[in-house]
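Heads up: the structure comes next, in structure tokens.
Please treat every number below as a calculation from the coordinates, not as lab data. Since we're looking at a predicted model, the values are computed, not measured. Neighbour counts are summed over all protein chains in view; Cβ atoms, including those assigned to glycine, are modelled from backbone coordinates with ideal geometry.
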Amino acid sequence: MKEILNLLKRIWILNFFRRIYSATKYYNRKYVQIVKWGFTSKEDTNFTYDLTGDNLVSLAQNIAIVTKKDVSHILAYFKEVEQNKDLFEHVVLTTANSKEKVFADSGVRFGRRLGWYAFARAIKPKVIVETGVDKGMGAVLLCAALEKNILEGFSGKYYGTDINSRAGYLLSGKYKEFGEIKYGDSIKTLSAFKESIDLFINDSDHSSEYEYREYNTIKPLLNKNSVILGDNSHSTDKLSFFSLENDRNFLFFKENPSNHWYPGAGIGISFNKTS
């Protein structure tokens with residue numbers, strides 16, 4: 001049998017189809033997921049999904065390295081979100097009552113944003129800034145982290161920026177007590193910002209040039225413990241480049257979505273070498 005297979009491999013056209021079939025096996029399941037998603041989801045951008053279990057552990061390990069915390073503490077923060085019934089109910093009910101519900105799914109799936117939450121819980125930031133709020137999934141999650149921090153004696157505030165005046169509808173109710181959204185061009189907003197930024201998340205205009213301008217705009221506002229998270233680092237090298245320019249460490253975490261056709265985005269992490 002092995003000799004026959006080796007003989008067939010030498011016939012180019014037969015080997016071509018064998019190789020093509022072998023390659024498509026890596027993607028055939030995705031085609032099924034795409035069709036299912038087309039019928040069951042209303043999302044057309046900023047897709048939501050859960051991460052696989054091993055991917056969550058990998059995320060926790062990355063965060064542990066940056067924050068110098070034990071991995072078990074980071075995993076406990078993930079579990080904290082999972083057990084936050086008030087947060088899940090808020091997202092579900094607010095989405096159902098929103099005019100934007102036509103573009104949103106009913107489930108609550110935070111994906112890589114769990115990493116944002118864990119960073120906020122681990123480093124206890126006084127100021128969080130996120131550029132590009134969209135529905136406000138990250139905003140409400142970060143404010144939930146600030147709520148927990150305040151109960152532990154660490155005050156903090158969230159600031160979001162978005163050019164779309166309809167963005168951020170999830171940041172409402174009690175979560176709005178911990179943050180606000182500033183509408184308009186994020187570069188202009190950041191240029192007028194005066195407070196030191198402990199946790200900065202780039203998730204606005206995804207052009208590499210604009211992303212890089214954001215990093216340079218907030219540069220004077222960074223302190224020795226500031227952490228920058230890049231939501232576009234799976235597509236551009238700008239946060240990595242900014243880190244090299246400014247003698248900062250850089251790590252990248254790649255998402256692995258569970259049961260979703262999207263290949264996943266990631267988190268670029270820039271942090272001070274002495275922090």
- Item | Electrostatic dipole magnitude of the range 126-275 [Cβ: Lys, Arg +1; Asp, Glu -1; Cα centre; debye, to 20] | 320
- Roughly how compact is the range 1-136, stated as its Cα Rg over 2.2 N^0.38 Å to two decimals? 1.56
- Task: Starting from the Cα gyration tensor of the range 50-272, take the square roots of the eigenvalues, sort them a ≥ b ≥ c, and report rounded, prolate or oblate (rounded when a/c is under 1.5, otherwise prolate if a/b is larger than b/c, else oblate).
- Result: rounded
- Task: Assuming R0 = 22 Å, can you tell me the calculated FRET efficiency for the pair residue 28 and residue 54, based on Cβ-Cβ distance, to the nearest 0.05?
- Result: 0.50
- Report the longest stretch of the chain that contains none of the GluC sites (Glu not before Pro) sitting in a DSSP loop with at most 16 other Cβ atoms within 10 Å. 44-151
- Item | Angle in degrees between helix 137-151 and the longest Cα principal axis of the chain, rounded to the nearest 10 | 50
- Message: Using a 7 Å offset from the Cα along the Cα-to-Cβ direction at both residue 241 and residue 17, what is the distance between the two label points in nm, to one decimal?
- Response: 4.7
- Calculate the dipole size of the chain relative to its Cα centre from +1 charges on Lys and Arg beta carbons and -1 charges on Asp and Glu beta carbons; express the result in debye to the nearest 20. 840
- Angle between the Cα long axis of helix 53-67 and the longest principal axis of the chain, 0 to 90 degrees, nearest 10? 40
- Query: Which of 222, 190, 142 comes first, and how do the rest follow, when ranked by fewest Cβ neighbours within 10 Å?
  - Reply: 222, 190, 142
- Query: Is it possible to state the helix-based mean residue ellipticity at 222 nm for the chain, with each DSSP H run of 4+ residues giving -39500 (n - 2.57), the sum divided by total residues, to the nearest 500 deg cm²/dmol? What is it?
  - Reply: -14000 deg cm²/dmol
- Longest principal axis of the chain (C-alpha) makes with the long axis of helix 12-24 (C-alpha) an angle, in degrees to the nearest 10, of 30
- Among 77, 262, 151, whose Cα sits farthest toward the positive end of the charge dipole of the range 50-272 (+1 at Cβ of Lys/Arg, -1 at Cβ of Asp/Glu, about the Cα centre)? 151
- Query: PRE reach from residue 40 (point 7 Å along Cα→Cβ): which of the range 83-119 fall under 15 Å by backbone N?
  - Reply: 105-109
